[in-house]
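S.K.: Dropping a structure here in structure tokens format, bear with me for questions.
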Amino acid sequence: MLGLAEVRAAAERIRGAVLRTPTVPSDAVSRAAGCRVFLKLDTLQATGAFKERGAANRIALLPPGVAGVVAMSAGNHAQAVARHAALAGIPAVIVMPRFTPATKVVRTEGWGARVVLHGETLAEAAEHAHELARRDGLAFVHPYDDPAVIAGQGTLALEMLEDRPELDALVLPVGGGGLLAGCAAAARSLKPGMPIFGAEVEFYPAMAQRLAGQPVSVGGPTIAEGIAVRDVGEVPLAMIREFGIEVLVVPERAVERAIALLVEGARVVAEGAGATGLAAILAFPERFAGKAVGTAVCGGNIDSRILANVLLRNLLRDGRILRLHLDIPDRPGVLADIATRVAAAGGNVIEVLHQRLFAAPSVQSAELELMVEVRDAPQGEALVAALETGGYVVRRG
């Protein structure tokens, strides 16, 4: 069982190689969550994620003369190992599944690693990485099931509690479990009895299932792909079970809401996995009401297209973008009347589709689809009412 001593030793070992990131309050996020929220911004790390902590500590502990390191990853761990192997002056080989997006491959190679694309799954990539380790005498750097990696990840909580001793609770995302286990090892010694929660996304609750003694059943699309794992680490699992930590399972929509809230409220860009801790705070407000809660925004490597989609979907859910369908008479002046009513209600038309030939129920009518931007949901309701007062039948898309 790792403890505070190992985490403190890791903090000294990685000092200067890993950024000590700030833990900042956010008024907007706190208002939305109903508690005082403090954000640990590990998105500021050189590779954009907390994974550097564990990789740096593990590589620093390698014996002199090691031939190099090998790791399997399709995400942030790959870049972390690549960067810190380069800083240590040793070769790095990263095995990625063949489906890995080209941008991740390019970023990893940019840190000086040799990328090998092998297998259709992470499990197949991991098997090949172990083969390379045995064949070439390379040190295998596991992303989470390694005590040195876990101790390195624990430095995140060490910094949080040193900088913000007033924290009443911690909420941390869970994939393989290394971050939660390491942070719990530090926090349990620094603030005994402080509640610590893990957070998993609904389609991948492997840690919660293992803790409950249930068979692991995971799968499906998720924006939190960084924690979408089937096989959790045995070392983290034992530690999390020993510490009695509860893992909260959050819906996919809560993760999207957390990403949007971080962008709009805190001006922080987070990937899905990095926002899952905040998603748990938003999804379980009764657990944290009135408390000072710390959570790690532990990764910011999100595709710009996905981020744009998340923000637009959130605007639709909040009622700040309306998609309206109207069957209108096909005569002069109708479009002008509708535009006038929308403008008078304070709406901003951002997209128009006017269809006469195929969608309209009659040759004397037309179908109009409007995408309208409004300030908030009440303004949207007033805008729809203004259209209905003019005799238009309005359907929401």
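The values are calculated or read from the model by the stated rules, or taken from the named source; none is laboratory data. Bear in mind the structure is a predicted one, so any value in this text is a computation, not a measurement. Note: ideal-geometry Cβ built from the backbone for every residue, glycine included; neighbour counts use all protein chains shown. Each accessible area value is taken on the protein alone, full model and side chains, heavy atoms only, with ligands, DNA and RNA left out. Shrake-Rupley method; radii C 1.70, N 1.55, O 1.52, S 1.80 Å.
S.K.: What's the tally of Lys pairs in the chain whose alpha-carbon atoms lie under 17 angstrom apart, where the two lysines are 8 or more places apart or on different chains?
M.R.: Values: Lys40/Lys51; Lys40/Lys291; Lys51/Lys104; Lys191/Lys291.
Taking the Cα cut-off of 17 Å, the pair count is 4.
S.K.: Can you tell me which of Gly294, Gly175, Gly220 moves the most in a GNM of the chain? Springs connect C-alpha atoms under 10 Å apart.
M.R.: Gly220
S.K.: Right, here's the next one. So I have (i) 21.7; (ii) 22.9; (iii) 22.3, and one of them is Kirkwood radius over Cα pairs in Å calculated from this model. Which one is it?
M.R.: Checked against the structure: label (ii).
S.K.: From the residues Ile196, Ala185, Thr103, which one has its Cα farthest along the dipole of the range 63-211 in the positive direction, the dipole being from +1 and -1 charges on Cβ of Lys/Arg and Asp/Glu about the Cα centre?
M.R.: Thr103
S.K.: Keeping the other protein chains in place, figure out the carbon and sulfur percent of the accessible area of the range 8-162, with a 1.4 Å probe. Before the final figure, lay out each step's value.
M.R.: Working: 3470 of 6220 Å².
It is 56 percent, rounded to a whole number.
S.K.: Okay, moving on. How big is D for the range 91-208, in µm² s⁻¹ as a whole number, if Stokes-Einstein is applied with the Kirkwood radius of its Cα pairs at 20 °C and 1.002 mPa s? Please list the in-between numbers first.
M.R.: Working: Rh = 16.4 Å.
It diffuses with D of about 131 µm²/s by this estimate.
S.K.: Based on the Cβ-Cβ distance of Arg98 and Ala385, what FRET efficiency does E = 1/(1 + (r/R0)^6) give at R0 = 45 Å, to the nearest 0.05? Display every interim value, and only then the final one.
M.R.: On the way: r = 54 Å, r/R0 = 1.20.
Given R0 = 45 Å and the Cβ-Cβ separation, E is 0.25.
S.K.: Let me spell out the model: positive unit charges on the Cβ of Lys and Arg, negative unit charges on the Cβ of Asp and Glu, origin at the Cα centre of the chain. What dipole size does that give, in debye rounded to 20? Before the final figure, lay out the partial values.
M.R.: Numbers: 39 positive and 42 negative charges, 114 e Å.
Here the chain has a charge dipole of around 540 debye.
S.K.: Can you give me the long-range amide H partners of Ala199? Hydrogens built in the peptide plane at 1.01 Å from N, cutoff under 5 Å, separation of 5 or more residues or another chain.
M.R.: Leu172, Val174, Leu248
S.K.: Another one. Mind listing the phi-derived Karplus ³J(HN,Hα) values for the range 240-256, rounded to whole Hz, using 6.51, -1.76 and 1.60 with θ = phi - 60°, and x for any glycine or proline?
M.R.: Per residue, the Karplus-derived 3J(HN,Hα) values read 5, 5, 5, 6, x, 8, 8, 10, 8, 10, 10, x, 4, 4, 5, 5, 4 Hz.
S.K.: Further question: Quick one: which residues, 5+ away or cross-chain, put their amide H under 5 Å from the amide H of Ala296? H built at 1.01 Å from N.
M.R.: The answer is Lys40, Val171.
S.K.: If eta is 0.890 mPa s and T is 25 °C, what Stokes-Einstein diffusion coefficient results for the range 1-145, Kirkwood Rh from Cα pairs, in µm²/s?
M.R.: On the way: Rh = 16.3 Å.
Roughly 150 µm²/s, to the nearest whole number.
S.K.: Please report the spacing between the Cα centers of the range 60-126 and the range 319-334 in Å, no decimals.
M.R.: 53 Å
S.K.: Can you list the HN-Hα couplings for the range 315-330, worked out from phi with the Karplus curve (6.51, -1.76, 1.60; θ = phi - 60°), rounded to whole Hz and with x for Gly and Pro?
M.R.: With coefficients 6.51, -1.76 and 1.60, one gets 4, 5, 5, 6, x, 8, 10, 10, 10, 10, 10, 10, 8, 10, x, 8 Hz.
S.K.: Here's another thing I want to ask about it. Toward the positive end of the charge dipole of the range 31-70, about the Cα centre and with charges on Cβ (Lys, Arg +1; Asp, Glu -1), which of Phe50, Cys35, Leu62 goes farthest?
M.R.: Cys35
S.K.: Once amide H atoms are built 1.01 Å from N in the peptide plane, which residues 5 or more positions from Val116, or in another chain, come under 5 Å H to H?
M.R.: Long-range HN contacts for Val116: Ile94, Val95, Met96.
S.K.: Suppose every Lys and Arg Cβ carries +1 and every Asp and Glu Cβ carries -1, with no other charges. What dipole size does the range 40-133 come out with about its Cα centre, to the nearest 20 debye? Intermediate values should be presented prior to the final figure.
M.R.: Numbers: 9 positive and 7 negative charges, 69 e Å.
With only Lys, Arg, Asp and Glu charged at Cβ, the dipole is about 340 debye.
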